[in-house]
1. Those residues that are out of contact with any helix residue (DSSP H, G or I) (no Cβ under 7 Å at 6 or more places or on another chain) and crowded, with 20+ Cβ neighbours inside 10 Å, I need them from region 145-158; list them, please.
2. For region 85-124, which positions are under 15 Å from the mean Cα position of the chain (by Cα), aliphatic (A, V, I, L, M) and in a helix (DSSP H, G or I)?
3. Considering only residues that are small (Gly, Ala, Ser) and either over 28 Å from Asp161 (Cβ atoms) or near the ligand (Cβ under 6 Å from one of its atoms) (or both), which ones fall in region 119-151?
4. Name the residue that is farthest from Phe30 (Cα to Cα), counting only residues in region 143-163 that are modelled with pLDDT of 95 or more and charged (D, E, K, R).
5. Looking at His25, His47, can you tell me which residue is part of a helix (DSSP H, G or I), touching a residue at least 60 places away in the same chain (Cβ under 8 Å) and not aromatic (Phe, Trp, Tyr)?
6. List, please: which pairs have Cβ atoms under 9 Å, are six or more places apart or on different chains, and start with a residue in region 74-98 that is within 15 Å of Ala126 (Cα to Cα) and within 12 Å of the ligand (Cβ to nearest atom) and end with one that is at pLDDT 95 or above and in a loop (DSSP other than H, G, I, E, B)?
7. Let me spell it out: the conditions are (1) more than 19 Å from Arg171 (Cα to Cα); (2) touching a Pro at 6+ places or on another chain (Cβ under 8 Å); (3) of a type outside the set (Asp, Glu), and Ala75 meets all of them except one. Which number is the exception?
8. Exactly one condition in (1) assigned to a loop (DSSP other than H, G, I, E, B); (2) buried (at least 19 other Cβ atoms within 10 Å of the Cβ) is not met by Val130; state its number.
Amino acid sequence: MVRVSFRPLAHDDLPDVVRWRSQPHVLRWFADLVPDLDTALQRYGPHLEGRTAVRLWVALLDEAPVGFFQHFPVASDDDIAVKVQDPRAVAFDYLLGEPSLLGRGWGSVMVETFCREVLVPRCPDAPRFVALADARNRRSLRVLRRCGFSQGLWIQLPTSDFAEIVCTAPRERFEASVEL
Ligand SMILES: CC(C)(COP(=O)(O)OP(=O)(O)OC[C@H]1O[C@@H](n2cnc3c(N)ncnc32)[C@H](O)[C@@H]1OP(=O)(O)O)[C@@H](O)C(=O)NCCC(=O)NCCS
């Protein structure tokens with residue numbers, strides 16, 4: 001049986017991150033471009049060196065790196081804090097970088113496993129886990145719903161045509177193992 005797990009992202013993973021961040025299915029939803037290693041170092045170096053509250057993870061399918069996750073306290077990011085209105089929560093982002101794996105259920109298993117095996121033990125004081133999804137990102141919204149997240153606030157910025165939806169789940173949802 002194939003197992004999903006996570007390990008902290010290292011500098012050596014940045015070429016994979018650049019490749020994943022350049023995939024069309026990812027570019028559509030992540031506005032800030034990471035087209036090369038220099039940009040990746042500028043973007044992720046401070047997090048890798050522990051100079052920020054952001055923690056980076058690689059998702060593994062068995063031993064193979066296939067995706068990228070990050071989490072941070074909502075209160076550590078002014079922009080997210082204003083949008084989410086839940087300063088005690090922890091926020092996370094994710095991507096499955098390998099196009100050949102899309103639409104086969106791995107995204108849902110990865111989000112479920114990340115919440116249970118990373119956020120629960122690493123963020124003991126966070127009562128809720130939060131992800132912001134573009135309202136047009138139906139695939140991600142479906143994943144979040146499937147993993148027990150409820151849709152809350154809709155954020156409509158004057159600079160954007162589309163809204164982001166604040167999706168929240170209580171940590172208790174992931175403290176007991178739940179079969180998808
Ligand atoms: C979001 C992402 C992780 C999902 O991974 P995935 O492995 O393709 O997702 P899954 O196969 O587990 O689930 C996809 C769900 O969306 C549904 N889906 C797929 N395409 C869809 C579409 N165009 N419209 C609506 N639903 C769609 C599938 O039916 C499935 O739902 P189901 O489990 O009820 O059948 C992946 O697409 C990704 O990395 N996207 C780019 C980055 C991104 O959007 N990150 C999230 C930012 S909030």
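The values are calculated or read from the model by the stated rules, or taken from the named source; none is laboratory data. Only a predicted model underlies this, so the values are computations on that prediction, with no experimental measurement involved. When we count neighbours, we look across all protein chains shown, and the Cβ atoms used for this are built from the backbone with ideal geometry, even at glycine.
1. In the first step, residues of region 145-158 are kept if they are out of contact with any helix residue (DSSP H, G or I) (no Cβ under 7 Å at 6 or more places or on another chain); the result is 145, 149-154, 156-158.
Across region 145-158, the qualifying residue is only Phe149.
2. Hits for region 85-124 are Val109, Met110, Val111, Val118, Leu119, Val120.
3. Quick first cut of region 119-151, residues small (Gly, Ala, Ser) only: 126, 131, 133, 135, 140, 148, 150.
The answer is Ala126, Ala131, Ala133, Ser140, Gly148.
4. In this case the residue turns out to be Arg146.
5. Working: His47 fails: touching a residue at least 60 places away in the same chain (Cβ under 8 Å).
Result of the check over His25, His47: His25.
6. As it stands, the answer is Ala91/Asp77, since those pairs meet every condition given.
7. So the condition that Ala75 fails would be (1).
8. (1)
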